[in-house]
Amino acid sequence: MTFTTVSQIWNAVQDRFHQTAKNLPEQDLPLKLGNASIGYMLRHNAEVEYMFADWFFNRPLPEGLAIHTARGAAGAENEFTNLQELLAILKASNEHMLDAMRELPEEKWNEPVKSPMGLSTPLEAVGRLMYHTGIHAGQISLIQKCATVQRP
């Protein structure tokens, strides 16, 4: 029952975020305010979904997945400027998270789990992920409105 309810809300948030990402002009991906670019935000969102699936739903990271954004935008050594690659990792992380939620037994949704972020239930973790996605959607919009393209 929990997955059925949560997945409807999750899908509403994710569908909106993924549609926003699909409509981004690739030339906007390097736009940034401070250290965080739009491309970074997209990659970071996908990586956090993978980490939460691991931490709160006991679904390990896919083999070979590199986490590039865990140290924050200032510590990221990569530029994320390929829209198709970013859309692919967003789609894959979403499917990974949905599978993790689907497989979680009903009785586990409200059991606290120790994680690098502290104690939280899987249900709370999903709420945090949706909030996280919304924050970054707003930041992407703000960057598009305020950042200027830096030409060589």
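Seen from a random direction on average, the alpha-carbon convex hull of the stretch 81-152 projects onto 6.8 square nanometres. Placing unit charges on the Cβ atoms of the charged side chains and taking the dipole of the stretch 1-112 about its Cα centre, the candidate lying farthest along the positive direction among Ala21, Ala92, Val6 is Ala21. Structure shown: which of Lys32/Lys91; Lys22/Lys91; Lys32/Lys145 lie over 21 Å apart, alpha-carbon to alpha-carbon? Those over the limit are Lys32/Lys91. As a fraction of the 1.4 Å probe accessible area of the chain, surface on carbon and sulfur atoms comes out at 51 percent.
Over the chain, give the accessible area per residue in Å² for a 1.4 Å probe, as an integer. Before the final figure, lay out each step's value.
Details: 8610 Å² over 152 residues.
Result: 57 Å² per residue.
In a reduced charge model with +1 at each Lys and Arg Cβ and -1 at each Asp and Glu Cβ, the chain shows a dipole moment near 520 debye about its Cα centre. According to the calculation over all Cα-Cα pairs in the chain, the P(r) per 10 Å bin from zero is 11, 41, 33, 13, 2, 0 %. Charged neighbours of Glu47, selected by a Cβ distance under 12 Å, balance to 0 (K, R count +1; D, E count -1).
Other residues within the sphere of radius under 14 Å centred on the Cβ of Glu85, judged by their own Cβ, net out at 0 (K and R +1, D and E -1).
Simple point charges give the picture: +1 on the Cβ of Lys and Arg, -1 on the Cβ of Asp and Glu, and for the stretch 1-53 a dipole about the Cα centre of about 60 debye.
The values are calculated or read from the model by the stated rules, or taken from the named source; none is laboratory data. Quick caveat: nothing in here was measured; it's all calculated off a predicted structure. In this analysis, Cβ positions are derived from the backbone assuming ideal geometry, glycine residues included, and neighbour counts consider all displayed protein chains. Calculation scope for accessible area: heavy atoms of the full protein, side chains included, ligands and nucleic acids excluded. Shrake-Rupley method; radii C 1.70, N 1.55, O 1.52, S 1.80 Å.
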